[in-house]
Structures are given as structure tokens and as C-alpha cells.
1. Given a 10 angstrom Cα cut-off, can you work out which residue in Ala102, Ala165, Ala290 is the most mobile in a GNM of the chain?
2. Per 0.36 nm of contour for each residue apart, how much would the distance between Leu362 and Leu182 grow if the chain were fully extended, relative to their Cα-Cα spacing?
3. Using a basic spin-label model with each label point 7 Å from the Cα along Cα→Cβ, how many nm lie between His342 and Val303?
4. How far apart, in nm, are the 7 Å Cα→Cβ label points at Val109 and Ser244?
5. Any chance you could look up the accessible area of Leu12 with a 1.4 Å probe, heavy atoms only, rounded to 10 Å²?
6. Rounded, prolate or oblate: which fits region 1-97, taking a ≥ b ≥ c as square roots of the Cα gyration tensor eigenvalues, rounded meaning a/c under 1.5, else prolate when a/b beats b/c?
7. Could you work out [θ]222 nm for the chain from helices alone, using -39500 (n - 2.57) per DSSP H run of at least four and dividing by all its residues? Round to the nearest 500 deg cm²/dmol.
8. With every protein chain left in place, what is the accessible area of Lys184 in Å² (1.4 Å probe, nearest 10)?
Amino acid sequence: MRTFSLPLPTILSGFVAVLVGYASSAAIIWQAAMAVGATTGQIAGWMTALGIAMGVSTLALSLWYRAPILTAWSTPGAALLVTGLQGLTIQEAIGVFIVANALIVLCGVTGLFARLMQVIPHSLASAMLAGILLRFGLQAFNSMNSELLLCGSMLLAWLVLKVLAPRYAVIAAMLVGIAIALIKGVVVTKGVNISPAMPEFIAPHFSLAHSISIALPLFLVTMASQNAPGIATMKASGYSLPVSPLIVFTGLLALLFSPFGVYSICIAAITAAICQSPEAHPDAKRRWLAAAAAGVFYLLAGVFGGSVTGLMSALPVSWIQMLAGLALLGTISGSLYQALHHETERDAAIITFLVTASGLTLLGIGSAFWGLIAGGLCYTVLRLARST
């Protein structure tokens, strides 16, 4: 009789994938929730719902396809929400989540995913993403004005690990930042509740203006910057799976959990690569076990969502800003490279980037949408001019 074994490296790969995902963007989600005035308890409920949704989807898809399919929240989407949700109520934010997730489901059901990605030039989508994320990079280094020791130590730890073990650079920065904050005595633990938090149902409020200015960019960013790279990463690792069912399943699950604070569930790319690598398991046919382990760790993280939120609220804001900035450096630089790589599209891309980063608001619609419109107009005019 064949014995079943789960090697330690396989379990550790799943654990590291989840840890990297949380370390990279839990702080950004926390900021997004704060933007709509969510209480600490509500934020804890959001983290619980997100953890459960990611755990269920990762386990279900990995077990069904016997492939290392890891899901994640959209980090670029969370970054967009930090600015996009400013001034909205929490009910309006839930309405935005529902519209964005419904668009993802529609895109998967109709098979429009690939076609939509072809309509929007990749350079413009990348430029829009870079413009959205720019403030996080600037905010990270601006925080050194008030907390030089804390933020400087995090930057140094990130740099050292970036050379020695790049996969753990963000985790090292996070741990060093926590250690320095504890030594300085700036960790405020009074009133922090680390008990399990139940997700809270929040009735949505829908707005056409918010659907256009926030939900539509959130949908585009999630599809272009999370689902598309996630599918590409799977294919590059040798796992060619039907795309539409994956998009429909994750979109429907996110739609179901939207009233509880789940703004997106997508196919992971960076963290999925950890479970899809030879380090996870030498046999490519058994690497799905690493993703399944990650699904279990997601569920555990969901159950203790209050602890994650408690940590976020106990640590200084500068720690959150620096961690978010360092976690997004790769995405910012990669987006800028993709945006400016093609010389013929460079002018349109830089206009998209600058308009998006400017924070321009017209007719109640945010800068991400107008950046894409301005860049698209420039792209079309210049392309027609070159063809005549």
C-alpha cells in the first residue's frame, strides 16, 4: 500500500507563500479600510473574510485540478482603494466591491478576459498602475523624516536580504521594524483585541459615479495586474489550465463575500510562484500539495484575522507606510518598465502615469479612469499619425 507523505519543504513553501502575501499587503488593506472609517472590529472582520475566501478557493481549485493554484487578494487593487475610497462611507465601499467583482464574473462567463486585455494596451495599464502606486513609494521614504531609525533599519534589512535571499526581503523588513518598534516602546498594545473576529454583513450602497471612478479601475487593475500575471505564471510553470472557469470561480466567491469586506479574490502570481517552484516539491505533479498547504494556512490566518488587524493597529503608522512601500517597490519598478519599454507607446504611457498620479478628479470620477482615457486618446492619435 502506498503511503502518503507531505515533505516539510512543501509545507514550508505554503507557509512562506501566505506569509509573504500578508506581509506584502495586509498593511495596505488596513489603510484602505481606514479610508472609509471602518472600526478595528470591522477591519478584523474583513481580514477574516479575506482569509477564509482565499483559503477555500486555494484548497478547492488545487484539489480539483491537482495543480498548484494559489489565490490572493489584489495588492494593486488595495492600493487603488486607499486613495479611491477617501470620503466614501463603508456602505458605498461595499457597493464598489460588488460591482467590481460582478464585472470579473461577467468577464469570465462571457470569455471576454483575453479580448479585454487586448483592447487596453499593456503599456497604458502598467502606467495607470504605476501612477496609483507612486504615492506608496513616496510615502515610505517620506516617513523617514519622523522615524529615521525605524524606517532606516527596515530599509537596511530589506536591502541585505534582497542580496542574500530576495524571497524573504519584505519579511525581514517587517520583523526588524517590529523589533525596533518594541525596543523604542512605540508599540501601543492597549485596547488591542486579538481574539477571533466574525465578519460583519454590511448592506451595500450603489453609486454610478463610484462605479465608474472606483469599481471600474479596480476591475481593470485586478484583471490586468493580478489575474493576467497569475495565469501567465501558471503557464510559465507548466500548468496550462482553462482560464474562464478559474476567473468565474474566484469572481463568484469574491462576489459572495463582498458584503463582508472581500474586495477581490484573484489568481496569485508572485506568491503562487513559491508553490510552483522545484523547492516546493521536486515532482511537478505533486506541487499542488504546497498550494493546498497554503490554503490551510490561509484559513488559519482568516480565523485569527483579529490578530493581524491588532498588529496593524498596535504598530506605528510609519512602520505600515515603510512596509507597504518596500513591498510595492518591485511592482512599481516593473510597472514603469512595462509602461516605458516600447518607445512608440512611451508618450501615451507617461501621460497615463502623470494624470493618474496627479489625483485629478472630474465629474466625481477619479484620476485612474482619466489617466487611462487621456493615455488612450494620446495612444490612438499618435498611432494614427504614424500610420498616415
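The values are calculated or read from the model by the stated rules, or taken from the named source; none is laboratory data. Note that the structure is predicted; figures quoted are calculated from it, not measured. No Cβ is skipped: glycine too gets one built from the backbone with ideal geometry, and neighbour counts run over all protein chains shown. To get the accessible areas, we keep the full protein, side chains included, count just its heavy atoms, and leave off ligands, DNA and RNA. Shrake-Rupley method; radii C 1.70, N 1.55, O 1.52, S 1.80 Å.
1. Greatest mean-square fluctuation among the candidates belongs to Ala165.
2. Extra length from Leu362 to Leu182 when fully extended: 60.4 nm.
3. It is 4.9 nm.
4. 1.2 nm
5. Solvent-accessible area, nearest 10 Å²: 90 Å².
6. prolate
7. Taking each H run of at least 4 residues, the total per residue is -22500 deg cm²/dmol.
8. 90 Å²
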